[in-house]
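Okay, structure first, notes after.
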Amino acid sequence: MFQNQLVSYSGIQPSGNLTIGNYLGALKNFASYSEKYKCFYCVVDEHAITVRQNPADLRRRTYETLALYMAAGLDPEKNTLYVQSHVHEHAELAWILNCFTMFGELSRMTQFKDKSARHADNINAGLFTYPALMAADILLYQTDVVPVGVDQKQHVELCRDIAMRMNQLYPDLFTVPEPIIAKSGKKIMSLADPTKKMSKSDENPNAIVYILDDKDTIIRKFKRAVTDSDTVVRYAEGKDGINNLMSIYSCFTGKEFDEIEREFDGKGYGEFKLAVGEACADALAPVQKRYNEILSDKAGLEAQMKKGAEEASYVARRTLSKVQKKLGFVQVR
Ligand code: AQP
């Protein structure tokens, strides 16, 4: 579709303040695809409402997430940055894909199981069919690669199954996408319970380091991180807390695990935790500075939203119309 250029697509929900999990597993890597791929990065507000959102918070976080995309190095001249609800084709294609997605497939999704356990009073149909909307996001742009954290791999695999199923019925309908999972940072764990993923919607603020936390807060949170009764900084089975801190330190410093083990040989957890906190705060400081500048220009962000939506709609319209035609919908335009 883009003169032999491959397409990369990803999104983040404005469902809370973004965490270092979102940053290391996804956002930090997005900019590196801009040279090789035609990139679409979306603020997926329609996904966010599968869990109840306060409207004012959702609105504010939509601006903030777009500002963070740009602060993390995504140049709007090289990447299409937009908001999902501004491109109505996402919801339209999602309905069609729902009709080609099996109940059994959706029932097996771990995110659905986790979120329905966490929100037992609101197990809505949108939470269940979330992967069909995510497949629509991806397939609308005839995407080749989807950079995501490992928690989203299962959804991308379902998207591939849907695309292949539909291609069998209607040849050449969709490009079948591949997930790209970063080698390091693919699953950052909670600081309060390192057997659980760090999630922006976690109710315990000490479990999460936010991208926008100040240096003192970051250091305090790392100091309180749950570890084990051992004292040796070593990557090993059963040392979930230390393994997680080593992964975070490695992502922010570029150091390998054996190098980190040597660096903290003979030193205690206290010194290590402080170093992790400092490395994290130092790496995030320039992102935070750019973010504050970008966010203060609301008109600029809105202009960016409009431009991004126009670019995305142009591509999305073409794919949706191709799908509708192949399925037998009458075209009168
Ligand atoms: N802890 C994590 N480690 C590595 N990658 C992560 N991602 C999320 N958490 C981690 C990646 O961030 C991208 C955007 O995620 P999302 O906002 O679309 O939804 P999510 O995966 O459900 O993220 P959260 O933070 O857990 O949000 P809530 O709490 O709202 O459900 C994805 O690429 C994801 O893999």
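The values are calculated or read from the model by the stated rules, or taken from the named source; none is laboratory data. Keep in mind that what you see is a predicted model, and the values were worked out from it rather than measured. A quick note on method: Cβ atoms are made from the backbone with ideal geometry, for glycine too, and the neighbour counts reach across all protein chains shown. All accessible areas refer to the heavy atoms of the entire protein, side chains included, with ligands and DNA or RNA removed. Shrake-Rupley method; radii C 1.70, N 1.55, O 1.52, S 1.80 Å.
How about the range 153-164: which of its residues are touching a residue at least 40 places away in the same chain (Cβ under 8 Å) and open to solvent by less than 50 Å² (accessible area, probe 1.4 Å)? If the condition is that a residue be touching a residue at least 40 places away in the same chain (Cβ under 8 Å) and open to solvent by less than 50 Å² (accessible area, probe 1.4 Å), then H155, L158, I162 are the ones that fit. Answer yes or no: is there a residue in the range 32-51 that is open to solvent by 50 Å² or more (accessible area, probe 1.4 Å), farther than 30 Å from Q168 by Cβ, modelled with pLDDT under 95 and within 16 Å of the ligand (Cβ to nearest atom). Yes: the range 32-51 contains one or more residues that are open to solvent by 50 Å² or more (accessible area, probe 1.4 Å), farther than 30 Å from Q168 by Cβ, modelled with pLDDT under 95 and within 16 Å of the ligand (Cβ to nearest atom). Within the range 154-213, being closer than 28 Å to T101 by Cβ, more than 10 Å from the ligand (Cβ to nearest atom) and part of a loop (DSSP other than H, G, I, E, B) holds for Y170, P171, D172, L173, F174, T175, V176, P177.
So how many residues does the range 52-66 have that are more than 28 Å from A281 (Cα to Cα) and within 13 Å of the ligand (Cβ to nearest atom)? Outline the logic, then answer.
The first filter runs over the range 52-66 and keeps only residues more than 28 Å from A281 (Cα to Cα), leaving 52-56.
Applying the additional criterion that residues be within 13 Å of the ligand (Cβ to nearest atom) yields 52-53.
Of the residues in the range 52-66, 2 are more than 28 Å from A281 (Cα to Cα) and within 13 Å of the ligand (Cβ to nearest atom).
Go through the residues of the range 136-147 one by one and say whether even a single one is within 13 Å of H47 (Cα to Cα) and over 17 Å from the mean Cα position of the chain (by Cα). There is no residue in the range 136-147 that is within 13 Å of H47 (Cα to Cα) and over 17 Å from the mean Cα position of the chain (by Cα). Residues that are of a type in the set (F, W, Y), away from the ligand (no atom under 16 Å from the Cβ) and in a helix (DSSP H, G or I) within the range 87-143 comprise W95, F103, listed in sequence order. In the set T65, T19, only one residue is buried (at least 22 other Cβ atoms within 10 Å of the Cβ), in contact with a Ser or Thr (Cβ under 9 Å, 6 or more places away or on another chain) and at negative phi; that residue is T19. Does D258 qualify as being over 26 Å from the mean Cα position of the chain (by Cα) and open to solvent by 50 Å² or more (accessible area, probe 1.4 Å)? Yes: the conditions hold for D258. Among the conditions (1) under 22 Å from V287 (Cβ atoms); (2) more than 16 Å from the chain's Cα centre (by Cα), V209 misses just one, which is (2). A count restricted to the range 200-242 and to residues that are within 18 Å of D151 (Cβ to Cβ) and open to solvent by less than 20 Å² (accessible area, probe 1.4 Å) stands at 4. Taken residue by residue, the range 14-24 has no member that is within 11 Å of the ligand (Cβ to nearest atom), touching a Phe, Trp or Tyr at 6+ places or on another chain (Cβ under 7 Å) and part of a helix (DSSP H, G or I).
Working carefully through the options E311, E261, E271, E278, find the one that is at pLDDT 95 or above and closer than 28 Å to V44 by Cβ.
Details: E261 fails: closer than 28 Å to V44 by Cβ; E271 fails: closer than 28 Å to V44 by Cβ; E278 fails: closer than 28 Å to V44 by Cβ.
Selected residue: E311, the only one of E311, E261, E271, E278 that is at pLDDT 95 or above and closer than 28 Å to V44 by Cβ.
Scanning the range 136-152 turns up at least one residue that is open to solvent by 40 Å² or more (accessible area, probe 1.4 Å) and closer than 22 Å to Y33 by Cα.
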